[in-house]
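Heads up, the thing below is written out as structure tokens.
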Amino acid sequence: MSKGIALVTGAGSGIGRACATALATDGWTVVLTGRRENALQQTISEAGEAGAQMQAIACDVTDPASVEALYAGIDKAQGRIDVVFNNAGTNVPPLNLADLTYDQWRQVIGVNLDGAFLIAKGAFTMMRDQTPQGGRIINNGSISAHVPRPGSAPYTASKHAITGLTRCISLDGREFNIGCSQIDIGNAASAMTDAMKKGVPQADGSMKPEPVMDVSHVASSVVYMAGLPPEANVQFMTVMATNMPFIGRG
């Protein structure tokens with residue numbers, strides 16, 4: 001018997017793929033979404049037996065109509081939503097603020113903040129209106145929700161904003177039995193962190209390689225958060241490579 005219905009955004013690669021697979025293996029029915037249908041199907045294929053617990057629905061999280069269609073599809077196929085891992089994100093190469101273009105700023109904010117809002121709003125509405133009422137939204141923050149890297153204005157601003165969004169959802173959701181959590185991830189090994197092994201900008205202007213951790217540690221953390229009973233919540237969790245420059249960064 002399924003533990004419930006979970007949605008994972010950005011499920012076609014990296015952290016999203018690992019978390020979707022871990023949730024399905026743990027017994028959840030998992031709806032995968034992302035812009036690329038072929039990448040979602042690859043996640044299902046690589047999940048092995050757990051793939052039978054997965055459904056792919058392509059969606060552009062920056063497009064309100066696409067997000068509305070996503071939740072309509074979930075409602076039609078599953079009838080409810082219990083957990084959302086609000087994970088989709090993007091970035092641009094490190095750039096000093098003066099060299100950053102408005103289009104680059106909007107590219108990051110559009111996915112990381114506007115998209116996170118649209119997914120959270122759709123989930124919140126469905127969780128409020130379903131019977132039994134309630135559910136859990138888990139936002140993917142970042143170490144950058146706390147401290148920036150050099151040249152990371154759009155990404156850092158978007159992730160600081162996610163913390164505010166998490167707190168507001170938590171407050172607004174109380175009367176509807178909707179919990180909201182945030183997982184702040186530091187240097188999980190994925191395509192986005194490959195450069196860290198070669199060297200990334202440090203606060204002193206140098207380029208240094210940084211330690212990474214296996215993405216499975218993020219996945220097991222999300223599974224734990226998702227599996228808590230309604231009366232319990234992890235408000236904020238930081239999962240990071242032990243020796244990465246976070247404590248003492250700068």
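So here's what we get for this one:
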| item | result |
| --- | --- |
| Residue count for the range 200-238, restricted to those that are more than 26 Å from LEU171 (Cβ to Cβ) and among the small types (Gly, Ala, Ser) | 6 |
| Pick from the range 224-247, criterion of a type in the set (A, V, I, L, M, F, W, C) and outside any loop (DSSP other than H, G, I, E, B), ranking: farthest from HIS160 (Cα to Cα) | ALA226 |
| Set VAL212, VAL200: member being over 24 Å from THR29 (Cα atoms), surrounded by 15 or more Cβ atoms within 10 Å (Cβ to Cβ) and at pLDDT below 85 | VAL200 |
| Within the range 163-190, tally of residues that are without any contact (Cβ under 8 Å) to a residue 40 or more places away in the chain and farther than 19 Å from MET237 by Cα | 2 |
| Some residue of the range 8-18 being among the aliphatic types (A, V, I, L, M), within 26 Å of PRO132 (Cα to Cα) and buried (at least 19 other Cβ atoms within 10 Å of the Cβ) | yes |
| Selection status of PRO150, touching a strand residue (DSSP E or B) at 6+ places or on another chain (Cβ under 8 Å), at pLDDT below 95 and more than 26 Å from GLN41 (Cα to Cα) | yes |
| Some residue of the range 64-74 being outside any helix (DSSP H, G or I), among the hydrophobic types (A, V, I, L, M, F, W, C) and farther than 29 Å from VAL200 by Cβ | no |
| The range 152-165, residues that are in contact with a helix residue (DSSP H, G or I) (Cβ under 9 Å, 6 or more places away or on another chain) and in a helix (DSSP H, G or I) | ALA153, PRO154, TYR155, THR156, ALA157, SER158, LYS159, HIS160, ALA161, ILE162, THR163, LEU165 |
| Residues that are touching a residue at least 60 places away in the same chain (Cβ under 8 Å) and in a loop (DSSP other than H, G, I, E, B), drawn from the range 20-63 | ASP26, TRP28 |
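Yes/no matrix, rows are residues, columns are (1) in contact with a strand residue (DSSP E or B) (Cβ under 9 Å, 6 or more places away or on another chain); (2) at pLDDT 95 or above; (3) within 26 Å of MET237 (Cα to Cα); (4) surrounded by fewer than 20 Cβ atoms within 10 Å (Cβ to Cβ):
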{"site": "ALA52", "(1), (2), (3), (4)": "no, yes, no, yes"}
{"site": "ASP60", "(1), (2), (3), (4)": "no, yes, no, yes"}
{"site": "VAL83", "(1), (2), (3), (4)": "yes, yes, yes, no"}
{"site": "GLY141", "(1), (2), (3), (4)": "yes, yes, yes, no"}
{"site": "ALA161", "(1), (2), (3), (4)": "no, yes, yes, yes"}
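The values are calculated or read from the model by the stated rules, or taken from the named source; none is laboratory data. Source: prediction; values computed, not measured. Neighbour counts run over all protein chains shown; Cβ positions are idealised from the backbone, glycine included.
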